[in-house]
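Here is the structure we will look at.
All of the numbers you see were taken from the coordinates with simple rules; none came from a lab. Bear in mind the structure is a predicted one, so any value in this text is a computation, not a measurement. Virtual Cβ from ideal backbone geometry, glycine too; neighbours counted across all protein chains shown.
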Amino acid sequence: MFQQSSIRHIIFDFGGVLINLDYTLTNKTFRALGFDIDKHFTHLQQSNLFNEYETGKVSSAFFYETLRQLGGNHLTDEQLAGAWNAMILDLPLERVALLKELKKKYNLYLLSNTNQTHYEAFMPYLNRLLGEGGWELLFNKVYYSHQIGLRKPDKEIFDYVVADATLQPQHCLYLDDLEKNLVAPAAMGMQTLLVKEKPVTELLKELI
């Protein structure tokens with residue numbers, strides 16, 4: 001269990017921790033469109049195309065065209081984007097309220113592996129839910145992989161956040177739903193929590 005007395009900063013993963021995701025919905029939607037995406041993507045292991053898209057090295061247009069070459073040649077950009085975004089579900093308002101309470105006590109940061117297509121889907125949703133800019137105001141700073149050119153589980157992305165936000169790792173708590181993403185921050189001296197071992201709402205209440 002984490003040592004709460006030493007924590008000054010909390011860094012949150014986004015998908016699967018704060019916003020709900022269902023990866024199977026993306027796979028099912030692609031299959032319904034006649035494209036077996038399972039050969040190229042799963043939650044735990046991605047092909048290089050997805051890694052490059054999540055670090056902003058390729059554009060959405062390139063991403064869609066490559067998907068067509070992999071087997072979705074009959075699909076439009078809109079169909080591909082819709083299927084790719086099918087995994088994105090909801091952000092419970094209870095979590096938002098708990099984040100607001102946590103911000104009274106800690107510095108909060110968001111660190112997400114994401115991509116331009118997902119970003120263009122979840123930001124309008126969050127703006128409708130919380131008001132324009134309301135989501136990012138919950139945090140001292142947000143870091144999206146496709147904007148900074150780095151992604152988890154690589155140590156470099158955690159080095160980037162620590163340097164950019166001027167954080168001391170021993171005073172940080174990092175939460176993620178993937179165990180492999182906890183290795184690098186733990187080695188740096190951060191405390192870490194695997195969210196799936198306990199519902200995130202319970203963890204937030206414990207921190208408050």
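Key figures
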{"item": "Three-way shape label, the range 23-85, alpha-carbon gyration tensor, a/c 1.5", "result": "oblate"}
{"item": "Length-normalised contact order of the range 23-85 in % [C-alpha pairs under 8 Å, at least 6 apart]", "result": "38"}
{"item": "Dipole of the chain [Lys/Arg +1, Asp/Glu -1 at C-beta], most positive-end residue of Leu25, His146, Val162", "result": "Val162"}
{"item": "Net lengthening on full extension, Leu130/Lys39 (0.36 nm per residue, minus Cα-Cα)", "result": "29.1 nm"}
{"item": "Beta bridges per DSSP with both ends in the chain, % antiparallel, nearest 5", "result": "10"}
{"item": "Two-site FRET efficiency, Ser5 against Lys141, from Cβ-Cβ distance with R₀ of 25 Å, rounded to 0.05", "result": "0.55"}
{"item": "Nearest-0.05 FRET efficiency for Ile148 and Ala61, computed from C-beta distance (R0 22 Å)", "result": "0.55"}
{"item": "Nearest-20 debye value, the range 23-85 charge dipole, Cβ charges on Lys, Arg, Asp, Glu", "result": "140"}
{"item": "GNM flexibility winner over the chain from Thr24, Thr114, Thr166 (Cα, springs under 10 Å)", "result": "Thr166"}
{"item": "Potential lengthening between Leu194 and Asp22 on full extension [0.36 nm per residue; Cα-Cα distance subtracted]", "result": "60.1 nm"}
{"item": "Anisotropy class of the range 54-179 from Cα gyration tensor, a/c 1.5 cut", "result": "oblate"}
{"item": "Prolate/oblate/rounded call for the range 66-117, Cα gyration tensor, a/c under 1.5 rounded", "result": "prolate"}
{"item": "Value of relative contact order over the chain, rounded to a whole percent, pairs C-alpha under 8 Å and six or more apart", "result": "31"}
{"item": "FRET efficiency estimate (nearest 0.05) - Cβ-Cβ, Gln170 to Lys105, R0 25 angstrom", "result": "0.90"}
{"item": "Cα-projected label distance for Met123 with Ile208, points at 7 Å along beta-carbon direction, nm", "result": "2.9"}
